[in-house]
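See structure below.
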Amino acid sequence: MINKIIETLKKKGVKVTPQRVAIIKYLENDNDHSSAEQIYSRIIKEFPAVSLATVYNTLEMLEEINMISKIKISDDNIVNYDYQKIPHHHFYCKKCKKIYDIEISCQIAQTKKFQGYIIEEVYGYFKGICKKCQSNK
Ligand SMILES: [Zn+2]
Ligand SMILES: [Zn+2]
């Protein structure tokens, strides 16, 4: 898996550093859509010299080369990051503030063209109360 990350970075012409690989590795296994601060607090354990600015810069760079995407769904204006696997939509729970992946088949995305527009990407943001919080009532 690490080899694949390194290969992808090289293909995109990006310098491979252990910190960058660690951040990608973290995001790849992250199902919680972490914020930059959360990623930083994990990476610093492995790389004590890393700064929050480095984490931010790496995340920006990874977004530019389309390896990750930003999610701006939280009510607190926190930016969360998602490693791009299969395109999916996001559900934000207003109670526990967790972000869930949801799969909804989107006809517009499949037709590629909608009302004359060429659709290349579709992101859906849904907000409400998650299943867990509903049963906690
Ligand atoms: Zn919830
Ligand atoms: Zn996601």
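Numbers for the structure displayed
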read-out: Residue within region 67-78 that is under 17 Å from TYR123 (Cβ atoms), among the small types (Gly, Ala, Ser) and under 12 Å from the mean Cα position of the chain (by Cα) present; value: yes
read-out: Members of region 20-37 that are out of contact with any Leu (no Cβ under 9 Å at 6 or more places or on another chain) and open to solvent by less than 60 Å² (accessible area, probe 1.4 Å); value: ALA22, TYR26, GLU28, ASP30, HIS33, SER35
read-out: Leading residue by the ranking (farthest from the chain's Cα centre (by Cα)) among those in region 111-133 that are farther than 20 Å from ASP101 by Cα and open to solvent by less than 100 Å² (accessible area, probe 1.4 Å); value: GLY116
read-out: Those residues of region 72-110 which are of a type in the set (A, V, I, L, M, F, W, C), more than 16 Å from ligand 1 (Cβ to nearest atom) and open to solvent by less than 60 Å² (accessible area, probe 1.4 Å), in sequence order; value: VAL79, CYS106, ALA109
read-out: Qualifying residue in region 38-46 (condition: modelled with pLDDT of 90 or more, in contact with a Lys or Arg (Cβ under 9 Å, 6 or more places away or on another chain), open to solvent by less than 50 Å² (accessible area, probe 1.4 Å) and of a type outside the set (Lys, Arg)); value: no
read-out: Where ILE44 falls short, out of the listed (1) in contact with a strand residue (DSSP E or B) (Cβ under 8 Å, 6 or more places away or on another chain); (2) over 28 Å from GLN134 (Cβ atoms); (3) aliphatic (A, V, I, L, M); value: (1)
read-out: Scan of region 6-20 for residues that are assigned to a helix (DSSP H, G or I) and out of contact with any helix residue (DSSP H, G or I) (no Cβ under 8 Å at 6 or more places or on another chain), ordered by number; value: GLU7, THR8, LYS10, LYS11, PRO18
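The values are calculated or read from the model by the stated rules, or taken from the named source; none is laboratory data. All of these numbers come straight from a predicted model, not from anything done at the bench. Backbone-built Cβ (ideal geometry, glycine too); neighbour counts: all protein chains shown. Remember, those area values only see protein heavy atoms, side chains included, never the ligands or the DNA or RNA. Shrake-Rupley method; radii C 1.70, N 1.55, O 1.52, S 1.80 Å.
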